[in-house]
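Here the structure is laid out as structure tokens; the discussion comes afterwards.
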Amino acid sequence: MKGTLTQDQIKNILRSQSICRIACCEDVHPYVVPISYYYDGMHIYFETLEGKKVEIMRKNPNVCIQTDLINSMKNYQSVMAFGKFEELNLEDADIYRKELYNNIFMLMTQTRLHLFGHSPSSADKPLEEKPIMARIIITELTGKFEAA
């Protein structure tokens, strides 16, 4: 059976996950990368470094994120959120960075932390804070499922 997810189901999936793919577009070439995120029921929050993704989103803030729960090719739920990229000011960045860390901390292990130096041997060093904290202001949510 295939179908459309309800808004409650979509929001539950967004809350239950911490990795999504974000798509942005420069000219005619889409650019898609994975990000760690926190969903507060209204917005997607994430931190990042300066780079191609941020450069593109500053020029064109229209973005789409996608995440999913996949049990098999015939048993999955997939969610897409469309919205606008917005960089946060320092005060808001501090608030939502704490929420992001609190929500993804349970999924991190020593070798998966964003460590300074990015090596397992640096496991005793503190979490490296990325300089840009941003959110996606969601304008539309959609979701599909297939259940065998």
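The values are calculated or read from the model by the stated rules, or taken from the named source; none is laboratory data. Fair warning: this is a prediction, and the values are worked out from it, not measured in the lab. As a convention, Cβ positions derive from the backbone with ideal geometry for all residues, glycine included, and neighbour counts pool all protein chains shown.
Can you confirm whether residue 101 is in contact (Cβ under 8 Å) with a residue 24 or more places away in the chain and either basic (Lys, Arg) or assigned to a strand (DSSP E or B) (or both)?
Details: in contact (Cβ under 8 Å) with a residue 24 or more places away in the chain: yes; either basic (Lys, Arg) or assigned to a strand (DSSP E or B) (or both): no.
Answer is no for this residue.
What residue, among those in segment 36-54 that are without any contact (Cβ under 8 Å) to a residue 60 or more places away in the chain and in a helix (DSSP H, G or I), is surrounded by the most Cβ atoms within 10 Å (Cβ to Cβ)? Let's see the steps before the verdict.
From segment 36-54, those without any contact (Cβ under 8 Å) to a residue 60 or more places away in the chain are 39-41, 51-53; that's our starting set.
Those still in the list that are in a helix (DSSP H, G or I) too: 52-53.
Working: 52: 11, 53: 21.
So the residue we want is 53.
Looking at segment 19-29 only, could you name the residues that are modelled with pLDDT of 95 or more and surrounded by fewer than 21 Cβ atoms within 10 Å (Cβ to Cβ)? Walk me through how you get there before you give the answer.
To start, the set of residues in segment 19-29 that are modelled with pLDDT of 95 or more comprises 20-25.
The answer is 21, 23, 25.
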Worksheet entry | Which numbered condition residue 16 fails, given (1) under 21 Å from residue 140 (Cα atoms); (2) hydroxyl-bearing (Ser, Thr, Tyr); (3) surrounded by 12 or more Cβ atoms within 10 Å (Cβ to Cβ) | (3)
Response to the item:
Within segment 130-148, the residues that are loosely packed, with under 12 Cβ neighbours inside 10 Å, under 24 Å from residue 97 (Cβ atoms) and modelled with pLDDT of 95 or more are 139
Practice prompt. Being surrounded by fewer than 17 Cβ atoms within 10 Å (Cβ to Cβ) and in a helix (DSSP H, G or I) is the filter; apply it to segment 55-90 and report the residue that is modelled with the lowest pLDDT.
Written response: 90
Response to the item:
The condition from (1) out of contact with any His (no Cβ under 7 Å at 6 or more places or on another chain); (2) at pLDDT 50 or above; (3) not β-branched (Val, Ile, Thr) that residue 127 misses is numbered (1)
Worksheet item: Could you say whether any residue in segment 12-35 is in contact (Cβ under 8 Å) with a residue 60 or more places away in the chain and of a type in the set (D, E, K, R)?
Response: no
